[in-house]
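The values are calculated or read from the model by the stated rules, or taken from the named source; none is laboratory data. Just so you know, these numbers come straight off a predicted model, no measurement behind them. When we count neighbours, we look across all protein chains shown, and the Cβ atoms used for this are built from the backbone with ideal geometry, even at glycine.
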Amino acid sequence: MTEAVIEEENKEIAKQYKELLKISYRTLSVADKKLIRSAFDVAVDAHKDQRRKSGEAYIFHPIAVAKIVASEIGLDATSIAAALLHDVVEDTQYTLVDIEQMFGETVARIVDGLTKISAMEYEGDVSLQAENFRKMLLTLNEDIRVIIIKIADRLHNMQTMESMPANKQLKIASETLYIYAPLAHRIGLYNIKTELEDLGLKYTEPEVYNDILSKIKESKEEQDDYIEAFSDVIKESLDSEKLSYEIKGRPKSIFSIRRKMIAQSVSFDEVYDKFAVRIIYKSDPENEKFLAWKIYSIVTDHFRPNPMRLRDWISSPKSTGYEALHITVMGPKGRWVEVQIRSERMNEIAEKGYAAHYKYKNDDKDDGGLDDWLNKLQETLENAEANAVDFVEEFKLNLYAKEIFVFSPKGDLYSLPKGATALDFAFSVHTEVGLHTRGTKVNGKLVPLSHELKSGDQVEIITSEKTKPSANWINYVTTGRARSKIKSSLKEEQKLTATEGKVVLARKLKSLKITLDEKTINQLVVYFKLNTSLDLFYRVGAGIIDNQMLKDFAASRNNAFVSFFKNRIRKPSPQEDINKEEITLKYDQLVFGKEEDKLDYKMANCCNAIPGDDVFGFVTVNEGIKVHKKNCPNALQLQSNYNYRIMPAKWIDSTQQEFKANLVISGIDTLGLVNNVTKVVSNNLHIDMKSVHFDTDDGTFTGKITVVVKNKSILDNLVKNIKKINGIHKVTRV
């Protein structure tokens, strides 16, 4: 490389450095500038012999990342220094110890976190990628800035991917859409999230991206004219109120237009709100809210608002700290237009996320919102029950969720994801409240646990020490937190049942002259086609394996040849059988709808679901029910276009399947009879009473009870006990 080129490059490096200091969102002290200068010098020295694929000096990459961190995200000097040094330990002769000696423990910790993330090899395999994502989130425990700088690093890589091979572009872009865009969204970096999504689409679906981009460019002039026409209508009223403001049009991102086109099955021209109008006003802190609503009333005086689309993030800011009023109004030419009303402070927070909070709170340490978020994240991370893929999906559910705001009976405000249920609310108040929920009231009325909440609802939880979660509860919640707590509780419950079951089994086998030892347990596990000893004890404790079944086992065991034959052919190694810590779910049956009906179905070829996958049924025109995985490539399209044909479906273990039974009771009407009948039913732990109806007629009565039981022997026992009640004449099962 010629000296002239090198000199030119050095000039450019020096220029970029000056620019970095100039564009920093923070006011940098002398000490800050000194720290950044020495980090810059070390980075230049460390990367002096390196070039990027495009041929330019490698140092331009860390400088670009530092510029994003300094201006777009607005972080402090420590972060800017860490961004400059983020590739030094990984790619050059410098070690972490060197960094710590030169720049202190904080910078070293952030650089270490970034190096760890880079060292993770991402695979096409979702579960591996999920596991890596989980590890990456665990680095948040050390310092949130690790993730924020990683997002900036990813943004610059996405902006400069042209010279990479296509397969690498696709891999990096998919990973960006899967992981980094949701993270940027959650941290409140909306501008960066939008750019990451658009760049992700550019490399995953280039034709679609370029098509929408060219159409946006074509319609830019028309859009500018439209915004001008819109502004002209309200300017006079705004000016007469002596407001200082500016009106800007902002095209919606390519990615969000694409999402709308898919969700609504429409073409580009049919997507209505392709842009938003933003009114940004100057205000002192005292009048901020008042002025926002004043502008709202001026806009709605001139344009008819859509009342369903009012979003008041001023009274209740989002958990990211975002504040604004969003209204959708019928603008000129009969088009819906989203109008966002923000003060200059709110606008800054919307564009910089948490960094602007630091600025407006005047104290770098005082950022409750960030701490709250970290604590929420911590909770998710600490739940070791979830496997990595579930963890990522639940985390993303909670990331992308639009928020609703509900009140406790005392008037405390809670923020929950859209779609959250009354039971979700119980768990968001406290885990113990959730686990002991007996009933829920919304706005004073009793509602099912699965009742979907709306913003503004007042929710009261009725608890009882005796209540415990049942397996159905998983279907009543949508938040990751509630789901993981219910799963943990059910596992605990199963372990308790299994402990009781072991004692019961020993007693029952003793009466059959069989000792409960390791050999017998193995034989029982094999005989009942189970996986673990815990499975066996649980089924005995729950009454699924009854006396008759144990007698049959004893009979087969007495036949030495059969016993020997079974043990030889089917007995796995003892280590595999005696797994004390696992209750296996043998997914062997698929059921549909709320009633969990067993229906005929076929597996869809597009995603080949296997037992245990999250699935749904789709009612086809000619081929009956086709079963798809929830993350099937066609799922989005089917759910948006043919929602009425979707059937909920889930895998169950048929040996643990509960079933519904209707009992008809008749007899002589006596005082307290109904009470006696319901007492008998509710005293049995393994019976769930669904409905009760009694009619009396001149001294006689008939009643109908619907119960849910695990097996026939529990039902037979119930019928026997009801018959013992004085006045009961007949009990039949319908």
query = Restricting the search to the stretch 661-673, which residues are surrounded by 13 or more Cβ atoms within 10 Å (Cβ to Cβ) and of a type outside the set (A, V, I, L, M)?
reply = Asn662, Ser666, Gly667, Asp669, Thr670
query = Of the residues in the stretch 607-640, how many are under 20 Å from Tyr178 (Cα atoms), of a type in the set (A, V, I, L, M, F, W, C) and assigned to a loop (DSSP other than H, G, I, E, B)?
reply = 2
remark   = Quick count over the stretch 15-45, residues being exposed (fewer than 11 other Cβ atoms within 10 Å of the Cβ), of a type in the set (Gly, Ala, Ser) and part of a helix (DSSP H, G or I), is 1
ask   = Out of the residues in the stretch 401-428 that are over 22 Å from Ile187 (Cα atoms) and within 18 Å of the chain's Cα centre (by Cα), which is surrounded by the most Cβ atoms within 10 Å (Cβ to Cβ)?
value = Phe425
query = Which of the residues spanning the stretch 195-226 are surrounded by fewer than 19 Cβ atoms within 10 Å (Cβ to Cβ) and under 30 Å from Ile298 (Cα atoms)?
reply = Ile216, Ser219, Lys220, Glu221, Glu222, Gln223, Asp224, Asp225
query = Which of the residues that make up the stretch 331-345 are within 23 Å of Met308 (Cα to Cα) and in a helix (DSSP H, G or I)?
reply = Pro332, Lys333, Gly334
query = Name the pairs whose Cβ atoms lie under 6 Å apart, with the first residue in the stretch 28-51 and among the small types (Gly, Ala, Ser), the second modelled with pLDDT of 90 or more and part of a helix (DSSP H, G or I), and 6 or more positions between them or separate chains?
reply = Ala39/Ala81; Ala39/Leu84; Ala43/Pro62; Ala43/Leu84
request  = Could you give me the residue pairs with C-beta distances under 7 Å whose first residue belongs to the stretch 183-201 and is among the acidic types (Asp, Glu), whose second residue is assigned to a helix (DSSP H, G or I) wherever it lies, and which are 6+ apart or on separate chains?
outcome  = Glu195/Leu155; Glu197/Leu177; Glu197/Ala181; Glu197/Phe255; Asp198/Ile254; Asp198/Phe255
message = Consider the stretch 447-474. How many of its residues are free of Cβ contacts under 8 Å to residues at least 40 places away in the same chain and in a helix (DSSP H, G or I)?
response = 1
task = Take the stretch 248-284 and flag every residue that is touching a residue at least 60 places away in the same chain (Cβ under 8 Å) and acidic (Asp, Glu).
result = Asp273
task = Sort through Val709, Val680 and tell me the only one that's surrounded by 13 or more Cβ atoms within 10 Å (Cβ to Cβ) and closer than 27 Å to Lys594 by Cβ.
result = Val709
